[in-house]
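Enquirer: Here it is, the structure in full.
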Amino acid sequence: MKIQLFQIEIIEGEVEQNESRIKALFEENLEADTEIVVIPEMWNNGYDLHHLAEKADINLTRSLPFIQSLATKHHVDIIAGSVSNKRNDNIYNTAFAVSKTGKLLYQKDKIHLVPMLDEHLYLTSGDEVPEVFEINGIKASQIICYDLRFPEITRYPTSQGAKIIFYVAQWTTKNIDHWRTLLKARAIENCVYVIACNSVGDVNNENHVGNTYAGHSIVIDPNGNIVEEAGNQEAIITAEIDIQKVAKQQQNIPIFENLRPDVYKYAE
Ligand SMILES: NC(=O)CCC(=O)C(=O)O
């Protein structure tokens, strides 16, 4: 199965420009037999946090039809990253996915808001764990950036049978080693495919001058091997994955048969 990741710079606060860019990538770079396309976190406004009160989408009324039109026109499933999204007077970082026929397959808000980008000062956190949904006939789930640091967030959908975990991100260069290491760990500890799409470009937040978004979008197989990886510039990754590898790896290392939730605890 062929998957493409669009690793792009998100222009902060410029929804129309970001939409035009994404639309052009589908027109010009989508390969004929690609089944799933993945785009990064917060692709509508980026981290233009000061202006999200006016600029965030409202209940996906703009972003969803935009992505649905791309999915149906190009007949491809889309892991639609995430967008700033207002609901009931709160602004969330909302991930969603759409099928080739334009059906909304999944929608969830980011749970842990990233203090290193001041996200927690402007957005409201979600309180529902990512669940499994089916995309192109495969059980999968979708997780947003900083939520990668909390292994429980990935464990729930993988313990429910997800074979691919998609991560959508605007992860920064300062912690690029964490990005690669944690993604590899999530693939290995769950014996699943990890497919992670990041952005590139400057962090235009006055408290974080000089930092950049790291790129290094990556596809990792259930044994922790890197299938494809981008550098730190705009790029399109095209990867072939063999979903049978998940069952084989889970037979070789039967993590889910050996789980002991009766023993696991947190300190109070
Ligand atoms: N957008 C994010 O959640 C960034 C997370 C990040 O860079 C990190 O180091 O964690």
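Enquirer: Among the residues that make up the stretch 177-185, is at least one of them open to solvent by less than 60 Å² (accessible area, probe 1.4 Å), more than 11 Å from the ligand (Cβ to nearest atom) and touching a residue at least 12 places away in the same chain (Cβ under 8 Å)?
Expert: Checking the stretch 177-185: at least one residue is open to solvent by less than 60 Å² (accessible area, probe 1.4 Å), more than 11 Å from the ligand (Cβ to nearest atom) and touching a residue at least 12 places away in the same chain (Cβ under 8 Å).
Enquirer: Among the residues of the stretch 207-234, write down those that are among the hydrophobic types (A, V, I, L, M, F, W, C), surrounded by fewer than 16 Cβ atoms within 10 Å (Cβ to Cβ) and away from the ligand (no atom under 16 Å from the Cβ).
Expert: Across the stretch 207-234, the qualifying residue is only Ile226.
Enquirer: Would you confirm whether any residue within the stretch 5-27 is farther than 25 Å from Tyr213 by Cα and in contact with a Ser or Thr (Cβ under 8 Å, 6 or more places away or on another chain)?
Expert: no
Enquirer: OK, next. So is Asn190 of a type in the set (S, T, N, Q) and more than 13 Å from the ligand (Cβ to nearest atom) or not?
Expert: yes
Enquirer: In the set Asp118, Asp109, which member is of a type in the set (D, E, K, R), at pLDDT below 95 and over 26 Å from Thr238 (Cα atoms)?
Expert: Asp118
Enquirer: In this structure, does Phe6 turn out to be touching a residue at least 40 places away in the same chain (Cβ under 8 Å) and assigned to a helix (DSSP H, G or I)?
Expert: When the stated conditions are applied, Phe6 does not pass them.
Enquirer: Check every one of the helices (runs of 4 or more DSSP H) wholly within the stretch 13-97 and list those with 3 or more residues that are open to solvent by less than 10 Å² (accessible area, probe 1.4 Å) and free of Cβ contacts under 8 Å to residues at least 60 places away in the same chain.
Expert: The qualifying helices (runs of 4 or more DSSP H) are 15-29, 63-74.
The values are calculated or read from the model by the stated rules, or taken from the named source; none is laboratory data. Values in this document were obtained by computation on a predicted structure and should not be read as measured data. In this analysis, Cβ positions are derived from the backbone assuming ideal geometry, glycine residues included, and neighbour counts consider all displayed protein chains. Quick note on the areas: whole protein, heavy atoms, side chains included, nothing else; ligands and nucleic acids left out. Shrake-Rupley method; radii C 1.70, N 1.55, O 1.52, S 1.80 Å.
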